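The values are calculated or read from the model by the stated rules, or taken from the named source; none is laboratory data. Treat the numbers as computed from the prediction; the structure is a model and nothing was measured. When we count neighbours, we look across all protein chains shown, and the Cβ atoms used for this are built from the backbone with ideal geometry, even at glycine. Note: accessible area is taken over every heavy atom of the protein model, side chains too, but ligands, DNA and RNA are not part of it. Shrake-Rupley method; radii C 1.70, N 1.55, O 1.52, S 1.80 Å.
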Amino acid sequence: MGEQAPYRDDLAQGPEMRAEWLRTSDGVRIRVGHAEAADSKGTVFILPGRTEYIEKYGRTAKDLVRAGFDVVSLDWRGQGMSDRLGADPMVGHVGRFIDFQKDWAAVRSFAGKADLPKPWHMIAHSMGGSIGLRALMSGSDMASVMFSGPMWGIDMAPYLRPVAWTLPRLAMAIGQGHRIAPGTSIKSYPASEPFENNLLTSDPEMFDHMRRHVEAEPQFGLGGPSCAWLLSALQECAALARMPSPALPALCFVGSNERIVDTRAIRDRMTHWKGGKLLLVDGAEHEVLMEKPNIRRQVTGAAVSLFSSFKG
């Protein structure tokens, strides 16, 4: 076992979980969490989205453990309790988007050394969907994957796209890539925005749940992305769009009221994914795993059904 890291069990409402510190190949300290299931049928890796952290998926992890799966999740670099990389810890900064693959490599190594039960599966949300897709394309021993609102493109008005590419480039050119991207806020979204017309969930209880997290644990708070993050994320989405999908079964859930990621990019990808299936969740916003109980049961149940079809 490695060095134990803090874990806010009081906030997660999840299974018993041990958190540890890992060091990536470039020296960044990240946090990983592992929950064990009795008579485990395999391991599910939860790859959170931007601004997210292990405890946010406590309820999902609890459902998966009850279904007989070990669960592993992490805080990506620049968020949660992992190392923040910019001058302002509230800015979601990375120098290069591809560096997230070093976090994944560290978590994959952790799971291998711990000999976690196989087969292995992945649940990847939003930014985690982009990181996870790259990992799968690069060669992975995952048996299957479930995506939730994957960030294979960023939703924005057509007239804003040239600005989104140009301004971050200018910021990078003058050494200001760590600055917050124009049009975004330094404040944590659940703590600063009202529930009405929010972009994350149609469930007021889950929105309050997220708000309580960032109010109770300051290290969970994160504002908008840096210029470097935005530019490199756009570049990564464009690069992934040119690459074929990996050969493994995939489910992809998208809320019918999705307003954060580009649904056209998702449709394009899933239409041509052999063994892939795209499912529209009626009435849902971006975070289908943070939605109303009936929606969460639908999404988690489909994932469990897929994962359970594989035998260790």
Check: With the range 48-156 as the region, which helices (runs of 4 or more DSSP H) entirely inside it contain at least 3 residues that are within 26 Å of Lys292 (Cβ to Cβ)?
Finding: 58-66, 127-137
Note to self: I'd like to verify a number: residues in the range 250-275 that are buried (at least 21 other Cβ atoms within 10 Å of the Cβ) and assigned to a helix (DSSP H, G or I), how many?
What the structure shows: 2
Checklist line | Breaking point among (1) open to solvent by less than 40 Å² (accessible area, probe 1.4 Å); (2) without any contact (Cβ under 8 Å) to a residue 12 or more places away in the chain, for Asp75 | finding: (2)
Next item on the list: Determine whether Ile54 is touching an Asp or Glu at 6+ places or on another chain (Cβ under 9 Å) and either among the aliphatic types (A, V, I, L, M) or open to solvent by 10 Å² or more (accessible area, probe 1.4 Å) (or both).
Entry: yes
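For the range 134-181, give me each residue that is under 23 Å from Asn257 (Cβ atoms) and in contact with a strand residue (DSSP E or B) (Cβ under 8 Å, 6 or more places away or on another chain).
Met146, Phe147, Ser148, Gly149, Pro150, Met151, Trp152, Gly153, Ile154, Asp155, Ala164
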Next item on the list: Given the conditions (1) among the aliphatic types (A, V, I, L, M); (2) open to solvent by 10 Å² or more (accessible area, probe 1.4 Å); (3) assigned to a loop (DSSP other than H, G, I, E, B), report the number of the one that Ala284 does not fulfil.
Entry: (2)
Check: Is there a residue being open to solvent by less than 10 Å² (accessible area, probe 1.4 Å), at pLDDT 95 or above and within 24 Å of Ala135 (Cα to Cα) anywhere in the range 1-18?
Finding: no
